[in-house]
Every structure is written in structure tokens, then in C-alpha cells.
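These notes concern the structure reproduced below.
The values are calculated or read from the model by the stated rules, or taken from the named source; none is laboratory data. Fair warning: this is a prediction, and the values are worked out from it, not measured in the lab. For neighbour counting, all protein chains shown are included, and Cβ atoms are generated from backbone atoms with ideal geometry for every residue, glycine included.
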Amino acid sequence: MICCARRLASELEITSAIPILGMFDEDKAREVDIDCLGFTIAFEHRLEEKAPLHMGLALDRFELHLSEHYGDATPVSAIRLEGGDLGMFHAQSSKKKYKHYRDGIQSQDWGFDEISIQDPFGNRLIFTQPYQSVEGS
């Protein structure tokens, strides 16, 4: 069965994976992901007017879905996002003065600088980049 599934998956030519994080308050999700972090809304979907929201977000080439639907996502998840200029990202996001985000850039023993931001639902977005090599070191 595993061999068959592997063969079928390779025939799909998968080009990306889009994580889904759980959310429980639409306004708080917008405050963190859009107002503070700079994501843009790709789409919003509800089955009907008062139904739970499923929202697609984009930040550069990264896509993220947030869902209020029960069972769509495991709460308290973490996603690592590698790339870009972490220093510039930190400077821009710090200017927005989001009340639950005051962390700086952390240099990790495994060779990466990171900014870890926890949303109001327990999910963490870890923005990361390899240490910048210093000439002559």
C-alpha cells in the first residue's frame, strides 16, 4: 500500500504545501497576521453567512490558511518560514507595536537566526534565515 501511494504521489507533481492553522477569533487573527506581520488576504470563504471562516493569506510566495472549522487543524502548531531579510522584517514588524510581540532576533546554536511569533491561538510562526557569513571568519 505504501509503495502504491508513493508512486501515485510522485505522479501528481506536487508543487507546494499550504499549512492550515486553527483560529478562534477572526479579529485577533487579522490583527496579528495582517496588521502586524503584513500578510495579505488571498481569499475568504464561509459556507453561509454565520458559518466558520476559512481564510487564505499570502506573504511573498508563502501561503497560509487559517480556519475556524472544527477539525481542520491541530491547535498549537509551529511553522518555520525561511528566507528574506530577517533584520528588515524585524524592524518593520516592530514599528507596528503589536502588543503581544516584542521579541527580537534569536541566534540559535544550529546556525539560524529566528524570530518566533505566537498568535492568540497558540500557533507559532518562526521566521528564520541562516547565519549571515562574515568575510574572513
Would a scan of segment 104-119 turn up a residue that is within 18 Å of Gly22 (Cβ to Cβ), assigned to a loop (DSSP other than H, G, I, E, B) and modelled with pLDDT of 90 or more?
no
For segment 12-37, what are the residues that are touching a residue at least 40 places away in the same chain (Cβ under 8 Å) and not in a loop (DSSP other than H, G, I, E, B)?
Ile20, Leu21, Gly22, Glu26, Lys28, Ala29, Glu31, Val32, Asp33, Asp35, Cys36
Within the bounds of segment 38-61, is there any residue that is in contact (Cβ under 8 Å) with a residue 12 or more places away in the chain, touching a Pro at 6+ places or on another chain (Cβ under 7 Å) and on the phi < 0 side of the Ramachandran plot?
no
Restricted to segment 117-129, and to residues that are of a type outside the set (A, V, I, L, M, F, W, C) and surrounded by 15 or more Cβ atoms within 10 Å (Cβ to Cβ), which residue is farthest from Leu64 (Cα to Cα)?
Gln129
Pairs please, first residue from segment 92-116 and within 14 Å of Ile34 (Cα to Cα) and charged (D, E, K, R), second anywhere and at pLDDT 90 or above and surrounded by 12 or more Cβ atoms within 10 Å (Cβ to Cβ), Cβ atoms under 6 Å, 6+ apart in sequence or on different chains.
none
Note on segment 90-101: residues of a type in the set (A, V, I, L, M) and surrounded by 13 or more Cβ atoms within 10 Å (Cβ to Cβ) are none
So which residues in segment 59-89 are of a type in the set (A, V, I, L, M) and loosely packed, with under 14 Cβ neighbours inside 10 Å, if there are any at all?
Val76, Ala78, Ile79, Met88
Could you please let me know if Leu47 is aliphatic (A, V, I, L, M), modelled with pLDDT of 90 or more and surrounded by fewer than 13 Cβ atoms within 10 Å (Cβ to Cβ)?
yes
